[in-house]
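The values are calculated or read from the model by the stated rules, or taken from the named source; none is laboratory data. Note that the structure is a prediction, hence the values are computed from the model and not measured. Cβ placement follows ideal geometry from the backbone for every residue including glycine, while neighbour counts extend to all protein chains displayed.
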Amino acid sequence: MKIGFLFPGQGSQITGMGKDLYEKFEEVKEVYENVKQITKIDVANMSFEAESELLNQTKNTQICILTMSLAILKLLEKENIKAEISSGLSLGEYSALIYSKAISFEDGVKLVKNRGEYMQNLVPSGDWSMAAILGMTEKEVYELCRKVKNGFAVPVNFNCPGQIVVSGDKTGIEEVENLGKEMGAKKVRILNTSGPFHTEKLLNASNALRKDLEKIHFNNFETKVVKNIDGKIYDKDDDIVDILAKHIISPVHFETCLETMILEGVDTFIEIGPGKTLSGFVKRMPCEKNLNILNINNVETYENTIKFLKGEN
């Protein structure tokens, strides 16, 4: 069995996420407390009690999802469950980099706190939106976006076969929704996000984050991380500052990330954090071998995953 960890990104959040893990495990509480000390944000209260409108603000969403993923990693560490390789969707790449030890816990938390604030605040004024398009090819989605006349819309997340996310303004995304149905999309689903993520509109946020990244000391990778920007494994000669600065204005090639992990021999994927979106992406990947697809987002799924990995069920 070769394990690969997957870390979710923005859009997977839900009020109450991680609460039962927090209440049951001291290790989880310690992670939340450490994040609170670093950020001065009561991440536990924000995650467990906040109205969805507040939690869905990018500056809150990102640090809350990161904290939950890091807390679950602490539980897996206690059980000596490790992954040789990992990847994350957008924000989730930071969870993977912290897991690999390339970025320290404290630096990673600070970066994600700032990243969320920049991505919320350093955006041109406008009504932004994102939508997942199901059942169209990459070529068809590019053609669809070219047909948008009255707004801004570009493909940004290539998640898995048959699912591509488009980012833009409300007018553009509404056009995408209508045109997509005309062009044969199985479904167009508006996502729970609040910005034109992974587009040129976040250039000011990218530049601000770059200044923070330039102050960070990066360590040697203890485990492999597959990067969103091209679906390749980080190399020791990669310019991490440049990659992560461009990350928020560049498309996410998550399907390619999953292809790379499968080629590396991963046969057991564990999604770590709220929701099970990434597990669904793995299920859609063409693969000759049978894959074990697990996710940990509460006490029950955590305990079931441990039992499976230890051969107890």
> Within the set of pairs 6 or more residues apart or between chains, which connect a residue that is farther than 22 Å from ILE229 by Cα and outside the structural domain of ALA132 (by TED's automatic domain parsing) inside the stretch 143-157 to a residue that is modelled with pLDDT under 95 and of a type in the set (Lys, Arg) with Cβ atoms less than 6 Å apart?
Replying inline: none
>> Just the residues that are part of a helix (DSSP H, G or I) and either of a type outside the set (Val, Ile, Thr) or farther than 30 Å from VAL28 by Cα (or both), please, taken from the stretch 284-301.
In response: GLU300
> Do you know which residues across the stretch 64-93 are touching a residue at least 60 places away in the same chain (Cβ under 8 Å), within 13 Å of GLN10 (Cα to Cα) and not in a loop (DSSP other than H, G, I, E, B)?
Replying inline: ILE65, MET68, SER69, GLY88, GLY92, GLU93
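Yes or no, residue by residue, for (1) within 23 Å of LYS211 (Cβ to Cβ); (2) out of contact with any Gly (no Cβ under 8 Å at 6 or more places or on another chain):
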| residue | (1), (2) |
| --- | --- |
| LYS24 | no, yes |
| VAL28 | no, no |
| THR39 | yes, yes |
| ALA50 | no, yes |
| LEU54 | no, yes |
| LEU66 | yes, no |
| LEU76 | no, yes |
| TYR99 | no, yes |
| LYS110 | yes, yes |
> Just checking, which of GLY184, GLY162, GLY172 is crowded, with 21+ Cβ neighbours inside 10 Å and either farther than 25 Å from ILE65 by Cβ or of a type outside the set (Val, Ile, Thr) (or both)?
Replying inline: GLY172
> Could we say that PHE281 is assigned to a helix (DSSP H, G or I) and of a type in the set (Phe, Trp, Tyr) here?
Replying inline: yes
> Can you tell which of ASN304, ASN295, ASN228, ASN290 is crowded, with 19+ Cβ neighbours inside 10 Å and farther than 23 Å from VAL156 by Cβ?
Replying inline: ASN295
> Within the stretch 109-156, which residues are under 30 Å from VAL31 (Cα atoms) and either assigned to a strand (DSSP E or B) or within 15 Å of the chain's Cα centre (by Cα) (or both)?
Replying inline: VAL109, LEU111, VAL112, LYS113, ARG115, GLY116, MET119
>> Let me confirm something: among LEU202, LEU213, which residue is more than 27 Å from ILE173 (Cα to Cα) and in contact with a helix residue (DSSP H, G or I) (Cβ under 9 Å, 6 or more places away or on another chain)?
In response: LEU213
>> out of contact with any Pro (no Cβ under 6 Å at 6 or more places or on another chain) and either within 14 Å of GLY4 (Cα to Cα) or at pLDDT below 95 (or both): which single residue out of VAL241, VAL225, VAL299, VAL252 fits that description?
In response: VAL225
> Looking at the stretch 84-95, is at least one residue surrounded by fewer than 22 Cβ atoms within 10 Å (Cβ to Cβ) and at pLDDT below 95?
Replying inline: no
>> Can you pull out every residue in the stretch 119-136 that is of a type in the set (Ser, Thr, Tyr) and touching a residue at least 12 places away in the same chain (Cβ under 8 Å)?
In response: SER129
>> Among the residues in the stretch 22-36, are any assigned by TED's automatic domain parsing to the domain that holds ALA205, in a loop (DSSP other than H, G, I, E, B) and at pLDDT 95 or above?
In response: yes
> Can LEU54 be described as without any contact (Cβ under 8 Å) to a residue 40 or more places away in the chain and either assigned to a helix (DSSP H, G or I) or of a type outside the set (D, E, K, R) (or both)?
Replying inline: yes
